[in-house]
Amino acid sequence: AKANFGKEGGSRLFPFSSKRKRMSVLVKNNDSAAWTMYHKGAGEIVLQDCSHYLDANGSIQPMTDSKRQELHETISSFASQALRCVALAHRTDIESVLKPSTCTAEECATLLENHMCLDALVGIVDPLRGDVVEAVKTCQSAGIFVRMVTGDNLETANAIAKQAGILTKDGVSMVGEEFRKLT
């Protein structure tokens, strides 16, 4: 399938949103009228909207509670290693739900970003720059309390903050929602 973004009948891109932590692309198969939605986002968020998964042989299987738990454990394992977990998923025959060539981002989010098939979970490392640990130490020795604010999964953020020397044994971490309640 060719993307043909911006052309009539071409693929549709709904960009990544840091608020939703996900994005979608609607792609028309050039050989038929069928469309497929390809989706990526934060592992823990995308996983909750998947009803199926691809097994090791590439066959679509129903998402069981035990498989979902196994995948949550994989996400947690990635996060504890300071890896950002990204889920890749898809949904076929979306034209039976809406008109892909004219749908809005909101319609895509509410009507299509569910009942997806999980294709993969990937852990992406974003290593600290070489000067970060030393810069944090310098600030701390000058009496500056260094804080880190990120949209990452809390486990991932904790692991990165520990590597940087920001989060200490008795330190506190919280999600943004919790933080905003403090003001």
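The values are calculated or read from the model by the stated rules, or taken from the named source; none is laboratory data. Quantities reported herein were computed from a predicted structural model and do not represent experimental measurements. Note that we place each Cβ from the backbone using ideal geometry, even for glycine, and neighbour counts take in every protein chain shown. Each accessible area value is taken on the protein alone, full model and side chains, heavy atoms only, with ligands, DNA and RNA left out. Shrake-Rupley method; radii C 1.70, N 1.55, O 1.52, S 1.80 Å.
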Matching residues in region 86-106 (surrounded by 14 or more Cβ atoms within 10 Å (Cβ to Cβ) and free of Cβ contacts under 8 Å to residues at least 40 places away in the same chain) number 2
Hey, does region 125-142 have a residue that's within 17 Å of the chain's Cα centre (by Cα), open to solvent by less than 80 Å² (accessible area, probe 1.4 Å), of a type in the set (A, V, I, L, M, F, W, C) and at pLDDT 90 or above? no
Within region 3-24, does at least one residue satisfy the condition of being aromatic (Phe, Trp, Tyr), assigned to a loop (DSSP other than H, G, I, E, B) and open to solvent by 60 Å² or more (accessible area, probe 1.4 Å)? yes
Where a residue in region 36-57 is in contact (Cβ under 8 Å) with a residue 12 or more places away in the chain and among the basic types (Lys, Arg) and its partner, wherever it lies, is open to solvent by 40 Å² or more (accessible area, probe 1.4 Å) and assigned to a strand (DSSP E or B), with Cβ under 9 Å and at least six apart: Lys40/Phe16; Lys40/Leu88
Part of a loop (DSSP other than H, G, I, E, B), open to solvent by 40 Å² or more (accessible area, probe 1.4 Å) and farther than 22 Å from Tyr53 by Cβ: does that describe Thr110? no
If only one of His52, His72 is within 19 Å of Ala159 (Cα to Cα) and surrounded by 13 or more Cβ atoms within 10 Å (Cβ to Cβ), which one is it? His72
Residue pairs qualifying under the 7 Å Cβ cut-off, at least six apart or on distinct chains, with the first in region 133-145 being under 16 Å from Lys162 (Cβ atoms) and the second being open to solvent by 90 Å² or more (accessible area, probe 1.4 Å) and in a loop (DSSP other than H, G, I, E, B), are none
Do any residues in region 149-162 that are farther than 10 Å from Met174 by Cβ have Cβ atoms under 6 Å from those of residues that are open to solvent by less than 40 Å² (accessible area, probe 1.4 Å) and part of a helix (DSSP H, G or I), where the two are at least six apart or on different chains, and which pairs are they? Thr150/Ala157; Asn153/Ala79; Glu155/Ala79; Thr156/Ala79
Considering every residue within region 99-106, establish whether at least one is of a type in the set (S, T, N, Q), closer than 21 Å to Asn29 by Cα and at pLDDT 95 or above. no
Out of (1) buried (at least 19 other Cβ atoms within 10 Å of the Cβ); (2) touching a residue at least 60 places away in the same chain (Cβ under 8 Å); (3) in contact with a His (Cβ under 8 Å, 6 or more places away or on another chain); (4) not basic (Lys, Arg), what's the single condition that is false for Leu83? (3)
